[in-house]
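Remarks on the structure that follows.
Bear in mind these aren't lab numbers, they're just calculated from the coordinates by the rules spelled out. This one's a predicted model, so the numbers in the text were calculated from it and none came from an experiment. Cβ: placed from backbone, ideal geometry, glycine included. Neighbour counts: every protein chain shown.
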């Protein structure tokens, strides 16, 4: 805050939840007029000095009988002191209020009255902790989860713009919208990515992210990906021998474009190239190449080869703009751009024509 105080900290678990401790304990029965301990919330940071903390409990199932004069329910206790209580029938997901147990563990107790009427019990799923610097009046509880995700308090799901993500299962609850787009499917296949309808980040969250529930993106930055691919294209081209692809590369002067230029300026865009509509690649007369990594575009290696090839001559981009006697030349040009695999490896023969060409 403006007083330079720490208003909140977050330690994320493998599912993306901050400051959450799994408990997974149930209380289905008990003795009348008695409370039974069935869960404990122990904050590992409870002994830290200069830190305030609050704790709350989360129940995935809650069904405690509630009569006219008394009720069954749950008690939150610390050192024998009741800090909060919950009751009610068929409540589903229940989250208690934040309580302050001091430096003591927070006990979760199931209580039965003596009217003989009981519910189906409760299931304690987890405990959550809030830590902030002593003296802070308004602590912050972050709703930020994986890239592009926002925690929905009512459902405990992660809202991901186009879909909802369920952390325990590691899956979306709605299918991949791009599976209705043949171009996107082909683009993913050429990049070696399997398109699973419900998977998060192509089942590889250590490398990919899915910031909008729609387009999987490489964990590397756009510019890092370009640099790595350019390096691979240049190295593998330097080792190439006489073959169909080498003949095509020589025809469109890609050899000099790669080998004689120390720096190839490529600007990477995760979405659209500003000022060029839906174009996936663009090369200007100053030698700069702009490429897009969105799902509907070809692999970066093919876009770079395509634009470098245009730099070596005056071949038009669109078939309709190409004179009739240049059609064979255009076909050879398109084959040349397919002489590189998605990772930048140079091929001996062009890859099969894909849906974009």
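For residue 66 and residue 162 in the same chain, what is the full-extension length gain: residue separation times 0.36 nm, less their Cα-Cα distance, in nm? Spell out each step's value before the answer.
Values: separation 96, 0.36 × 96 = 34.56 nm, distance 4.00 nm.
This chain segment gains 30.6 nm when fully extended.
Approximating the spin labels as points 7 Å out from Cα along Cα→Cβ, the residue 349-to-residue 207 distance works out to 2.7 nm. Read through the labelled values (1) -0.44, -0.55, -0.79, -0.91; (2) -0.60, -0.68, -0.83, -0.90; (3) -0.85, -0.91, -1.02, -1.08 and report the label of the one computed as log10 I(q)/I(0) by the Debye sum over Cα atoms at q = 0.08, 0.09, 0.11, 0.12 Å⁻¹ from the structure. Working out log10 I(q)/I(0) by the Debye sum over Cα atoms at q = 0.08, 0.09, 0.11, 0.12 Å⁻¹ from the coordinates points to (2). In the chain, Cα pairs under 8 Å separated by at least six residues give a relative contact order of 14 percent. For the pair residue 271 and residue 251 in one chain, pulling the backbone fully straight at 0.36 nm per residue adds 4.0 nm over the alpha carbon distance. By DSSP, the beta bridges lying fully in the chain are antiparallel in about 95 percent of cases. In this structure, residue 81 and residue 144 have a Cβ-Cβ separation that, at R0 = 41 Å, corresponds to a calculated FRET efficiency of about 0.75.
Would the stretch 42-193 count as rounded, prolate or oblate if I go by the C-alpha gyration tensor, calling it rounded below 1.5 in a/c and otherwise prolate when a/b exceeds b/c, oblate otherwise? Write down the numbers at each step before the final one.
Working: a/c = 3.48, a/b = 1.60, b/c = 2.18.
In terms of gyration-tensor shape, oblate.
Add -39500 (n - 2.57) for each DSSP H run of 4 or more in the chain, then divide by its residues: what number comes out at 222 nm, to the nearest 500 deg cm²/dmol?
Calculated at 222 nm, the ellipticity per residue is -5500 deg cm²/dmol.
Averaging the Cα positions of each part gives two centres, and for the stretch 37-113 and the stretch 169-187 these lie 41 Å apart.
How high is the relative contact order of the stretch 1-82, in percent, with contacts defined as C-alpha pairs under 8 Å that are six or more residues apart?
Details: 31 pairs, mean separation 9.7, N = 82.
The value is 12 percent.
Once you have a ≥ b ≥ c as the square roots of the Cα gyration tensor eigenvalues for the stretch 1-93, tell me rounded if a/c is under 1.5, and otherwise prolate or oblate according to whether a/b is larger than b/c. Taking the square roots of the gyration eigenvalues as a ≥ b ≥ c, the stretch 1-93 is prolate.
In the stretch 28-162, Cα pairs under 8 Å separated by at least six residues give a relative contact order of 33 percent.
Calculate the FRET efficiency for residue 28 and residue 6 from the Cβ-Cβ distance with a Förster distance of 30 Å, rounded to the nearest 0.05.
On the way: r = 41 Å, r/R0 = 1.36.
Once the sixth-power term is evaluated, E becomes 0.15.
Once you sort the root eigenvalues of the Cα gyration tensor of the stretch 102-176 as a ≥ b ≥ c, which label holds: rounded (a/c under 1.5), prolate (a/b larger than b/c) or oblate (the other case)? The partial results should precede the final answer.
Numbers: a/c = 3.16, a/b = 1.27, b/c = 2.48.
Verdict is oblate for the stretch 102-176.
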